[in-house]
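Okay, structure first, notes after.
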Amino acid sequence: MTMEWDVIDTYTRSEAIEDGVLIDVTETAKEAKIKYPVALTETVYSMIENKPDIEDIDGRIWDVVWMLRCAITGAIPSKKVGESLVYFKLILNDSNVDYENFKPKEITLKALVHGGDTGEPVITVMLPEED
């Protein structure tokens, strides 16, 4: 028995990028030799924006993308779940960092390879509790 469903609404990756729900960092990912388009969730991007004064946003995006590449290639310890999901860690200090008593702030991110708007492979980087 096959059930048919009427699609009420769809929300594409392109629309999410246009709305700012996802932030496209594909150009930076290409520089890091990642072959698929990469986007960050708004939450991850907010963490990048909440930076110490001595850091810049482009550098922090590079850090996330480079560590993603290292996790994908096995250059750093990471947790791979099947072929489409990887968890990785990096240092991402926030604007409240105390440089006199410095303790790096390590965070865990996950990256999911999935089908884009037309089924093409894309990567979305998010917090572990996001989906």
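No lab work stands behind these numbers, since they all come straight from the coordinates. Computed from a prediction, not measured in an experiment: that's the story for all the values here. Using ideal geometry, Cβ is built from the backbone for each residue, glycine included, and neighbour counts are taken over all protein chains shown.
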Query - Cα point-scatterer Debye curve for the stretch 34-81, base-10 log of I(q)/I(0) at q = 0.18, 0.19, 0.22, 0.25 Å⁻¹ - result: -0.64, -0.71, -0.88, -1.01
Report summary line: Taking R0 as 22 Å and r as the Cβ-Cβ distance between Lys35 and Trp5, the FRET efficiency 1/(1 + (r/R0)^6), rounded to the nearest 0.05, comes to 0.05
**Report entry** Reachable lysines, given that their alpha-carbon falls under 18 Å from the alpha-carbon of Lys89 and they are not under 8 places away in the same chain
**Finding:** Lys51, Lys79, Lys80, Lys103, Lys105, Lys110
Requested in this report: For n ≥ 4 DSSP H runs only, could you compute -39500 (n - 2.57) per run for the chain, divide by its residues and tell me the 222 nm figure to the nearest 500?
Outcome: -8500 deg cm²/dmol
Query raised in the report: How big is the convex hull of the Cα atoms of the stretch 18-59, per residue, in Å³?
Result: 72
Query - the stretch 11-74, relative contact order in percent, only Cα pairs under 8 angstrom and at least six apart counted - result: 29
Report task. For the chain, set up a Gaussian network in which alpha carbons nearer than 10 Å are linked by springs, and say which option among Gly82, Gly115, Gly59 fluctuates the most. Result -> Gly82
Query raised in the report: So what is the relative contact order for the chain, in percent, with contacts set as C-alpha pairs under 8 Å and at least six apart?
Result: 23
Query - Most fluctuating residue given options Ala75, Ala29, Ala16, as computed from a GNM of the chain linking Cα atoms under 10 Å - result: Ala75
**Report entry** Label zone at Asp98 (point 7 Å along Cα-to-Cβ), backbone N below 18 Å, the stretch 17-52
**Finding:** 52
Report task. Could you work out how far helix 57-73 tilts from the main Cα principal axis of the chain, as a 0 to 90 degree angle to the nearest 10? Result -> 70
Query raised in the report: Which of Tyr11, Tyr45, Tyr36 moves most in a GNM of the chain, Cα contacts under 10 Å?
Result: Tyr11
Query raised in the report: For Cα Rg over 2.2 N^0.38 Å, the listed values are [x] 1.81; [y] 1.88; [z] 1.18; which was obtained by calculation from the structure presented?
Result: [z]
